[in-house]
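The values are calculated or read from the model by the stated rules, or taken from the named source; none is laboratory data. Because the structure is a prediction, the values reported are computed rather than measured. Glycine also receives a Cβ, built like all others from the backbone with ideal geometry; neighbour counts cover every protein chain displayed. These accessible areas exclude ligands, DNA and RNA; they are computed on the full protein's heavy atoms, side chains included. Shrake-Rupley method; radii C 1.70, N 1.55, O 1.52, S 1.80 Å.
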Amino acid sequence: DTPNLDFFAEKGKMGYMYPLDEKTAPGSDNSLISIFGNDPKNCKRGVYEAIGLGISLKRGDLALRTNFGTINNLKEKKVIDRRAGRTLSTKEAKILASDLNKKIKLNCEFEFKSAVQHRGVLVLRGGFSDDISNVDPEWSPGSVNHFKFSEPLNDDENSKYTSNILNDFLFQAHKILKDHPINLKRKKKGLLPANFIFTRGGGIEKPKLKQYRT
């Protein structure tokens, strides 16, 4: 007995919507950005994620979307799970993020903030480049079973510098995470450890967003 669904089936209409264009299969991020009246081509995922978490950005700050994930080691770079088994709790992620902010030392200011479960944002403060490759294997060329550290996408010195800083963060993060008490407890429970951070969608341009009020 489904009167409401029956009503929609009888009265509703079906069709297509192209958030970007007819030739592009959109992701969840640029679809939503477009549906709400913004241009998805003018900004990258990391910036929107940072804005959504209430992080203040200045021009030149590099914002990246992050996932807590699981790898075997830094030598083989084998990806076990891009999302730490989807079992990492928001509470666990906040503890891990807090310790990373305290213990990682870089040649720049940075802010790492966890969101819901495995999701988060990394912001490198200063005049950085977003012409760098994604570390998340699903959003970078090559095998999804292995990851590559960030690489510059051009010969610009700032792009090279940005990749080096980001990779330094990722290396230090893994060193802290692999033996973190949270992950040791997770492994005892048979859960995947959140021992690496995958980054993607780095951006430095803050967009002009349409404002909606209820």
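Some values worked out for this structure:
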{"item": "Candidate set: the stretch 124-182, residues that are in contact with an Asp or Glu (Cβ under 8 Å, 6 or more places away or on another chain) and among the aromatic types (Phe, Trp, Tyr); chosen: the one farthest from residue 58 (Cα to Cα)", "result": "147"}
{"item": "Test: residue in the stretch 37-58 that is of a type in the set (A, V, I, L, M, F, W, C), open to solvent by 60 Å² or more (accessible area, probe 1.4 Å) and not in a helix (DSSP H, G or I)", "result": "no"}
{"item": "Any hit, the stretch 132-144, residues being under 22 Å from residue 192 (Cα atoms), of a type in the set (A, V, I, L, M), touching a helix residue (DSSP H, G or I) at 6+ places or on another chain (Cβ under 8 Å) and touching a residue at least 60 places away in the same chain (Cβ under 8 Å)", "result": "yes"}
{"item": "Of all residues making up the stretch 1-36, the number that are farther than 21 Å from residue 116 by Cβ and in a loop (DSSP other than H, G, I, E, B)", "result": "17"}
{"item": "Test: residue in the stretch 196-206 that is part of a loop (DSSP other than H, G, I, E, B) and either open to solvent by 70 Å² or more (accessible area, probe 1.4 Å) or over 24 Å from residue 30 (Cα atoms) (or both)", "result": "yes"}
{"item": "Residue 120 closer than 20 Å to residue 30 by Cβ, in contact with a helix residue (DSSP H, G or I) (Cβ under 7 Å, 6 or more places away or on another chain) and modelled with pLDDT under 95", "result": "no"}
{"item": "Residue satisfying all of: in the stretch 1-35; closer than 30 Å to residue 201 by Cα and polar (S, T, N, Q); farthest from the chain's Cα centre (by Cα) among these", "result": "24"}
{"item": "Residues of the stretch 155-188 that turn out to be assigned to a helix (DSSP H, G or I), in contact (Cβ under 8 Å) with a residue 24 or more places away in the chain and open to solvent by 30 Å² or more (accessible area, probe 1.4 Å), as a count", "result": "6"}
